[in-house]
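The values are calculated or read from the model by the stated rules, or taken from the named source; none is laboratory data. None of these values were measured; they are calculated from a predicted model. Reconstructed Cβ throughout: ideal geometry from the backbone, glycine too, with neighbour counts over all protein chains shown. All accessible areas refer to the heavy atoms of the entire protein, side chains included, with ligands and DNA or RNA removed. Shrake-Rupley method; radii C 1.70, N 1.55, O 1.52, S 1.80 Å.
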Amino acid sequence: MKTLRTLFLSFLKIGAFTFGGGYAMLALLENEFVSKKAWLDKEEFLDMVAIAESTPGPVAINSATYIGYRTAGFWGSLVSTLGVCIPSFVIIYGISLFFDAFLRLTYVSYAFRGIQVCVVYLIASAGVKVLKNLERNWLSRCIVLAVVLVMTAFSLFAVRFSSVFYILICGAIGLALSLCRKGVERE
Amino acid sequence: MIYLRLFLVFLQIGAFTFGGGYGMIPLIRESVLRYGWLTEGDFISVLAVAESTPGPIAINMATFVGASQGGILGSLAATLGVVLPSFVLILLIAALIRNLLKYKGVQAFLSGVRPCVAALILATALTMGLRTLIGVTTLRGGFFVDPKAIAIFALLLLGGFALKKWRKKSPSPIVMILLSAGLGILFYS
């Protein structure tokens, strides 16, 4: 019971005080659960990060569920996930109530025209960061180039094609290529 | 039934987007535009709020979109949807298959998915940039160049670069958003 409460409060704190999404949380999680509480060792934490990044969904939720389960089983994962979601939910729901009225203020609307440009900048720099962390090989280069071109062209020609399909197709290409390689090695 | 639709759309977003918050933006954008839940301008404004408030970006977006469409129940439905796939999948992994990433097939699948996620984020930034800076949505729609927006973009690039050189690490999104808010007031008022 005490463990559950500690998990819930730790994740509540992490959810309430980390700006900038999941990756910013990882440093805090390590500090809290590896350095301070020693509930996970360094190696398991790194495994957890690899899993959280390679499975679908928000990194913060993936980490909370994993750490919660490893520490206190199913109920641990439930209270951790709840803890990390609650601050977001409360804050954003509160903001959503008067956001429209807020945007209608003249100077706020000017500020938001600047902010909209900034969001484009932030997404572009996030994309560049992810790009830099990729393995440098021909598969990555070809996929990046092809997907950027096709997706931009589709959007300019107003063709609707969900990004779910890009992900599934590229995953299938990765699988097919590794099977081919295996086949070649066997011969 | 709006609650069910919110739940299912965000369930799909939670289940098929890799790479965390920024990796989820392309699909969130597609979905809200497709169902007419937000205009592109609103989407960008909400995204700015999601980035400058604490918590995972995906949860923030789900809560906001849900609230805008169906009040408190809508935001609960959307948030539950985006969290559920992660929760179930990670439980399975933590309980049963902790060496999931060591399987060759999983590695091979991810070797294709990782560059795809990078490309989706870049292409989304590109289409949003075309729209915000030169007013191009589709080729048929014509264009409207916004020199002020282009100037702000250039200043942000410069400012971001200078801050990175000076502080030895990338400036946080909030710093950049505050800077751009100031520039917006300066240029447009």
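A compact table of results
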{"item": "Any hit, segment B:61-70, residues being in a helix (DSSP H, G or I), of a type in the set (Val, Ile, Thr) and crowded, with 23+ Cβ neighbours inside 10 Å", "result": "yes"}
{"item": "Scan of segment A:2-28 for residues that are modelled with pLDDT under 85 and within 20 Å of A:Phe89 (Cβ to Cβ), ordered by number", "result": "A:Phe17, A:Thr18, A:Phe19, A:Gly20, A:Gly21, A:Gly22, A:Ala24, A:Met25, A:Leu28"}
{"item": "Candidate set from segment B:53-97 (those that are facing chain A (nearest Cβ under 7 Å) and of a type in the set (Gly, Ala, Ser)); member that is farthest from A:Ala101 (Cα to Cα)", "result": "B:Ala95"}
{"item": "Residue, nearest to the other protein chains (Cβ to nearest Cβ), within segment A:56-70, restricted to residues that are surrounded by fewer than 24 Cβ atoms within 10 Å (Cβ to Cβ) and either among the aromatic types (Phe, Trp, Tyr) or under 15 Å from B:Leu96 (Cα atoms) (or both)", "result": "A:Tyr69"}
{"item": "Candidate set: segment A:71-91, residues that are of a type in the set (A, V, I, L, M) and either farther than 16 Å from B:Gly66 by Cα or over 18 Å from the mean Cα position of the chain (by Cα) (or both); chosen: the one nearest to the other protein chains (Cβ to nearest Cβ)", "result": "A:Ile91"}
{"item": "Qualifying helices (runs of 4 or more DSSP H) (wholly inside segment B:1-55; at least 3 residues being touching a helix residue (DSSP H, G or I) at 6+ places or on another chain (Cβ under 8 Å), open to solvent by 10 Å² or more (accessible area, probe 1.4 Å) and under 21 Å from A:Val84 (Cα atoms))", "result": "B:2-16"}
{"item": "Among the candidates A:Ile143, A:Ile115, A:Ile86, residue that is part of a helix (DSSP H, G or I), over 21 Å from B:Thr127 (Cα atoms) and touching a helix residue (DSSP H, G or I) at 6+ places or on another chain (Cβ under 8 Å)", "result": "A:Ile86"}
{"item": "Residues (open to solvent by 50 Å² or more (accessible area, probe 1.4 Å) and at the interface with another protein chain (Cβ under 7 Å from one of its Cβ atoms)) located in segment A:131-159", "result": "A:Leu131, A:Phe157, A:Ala158"}
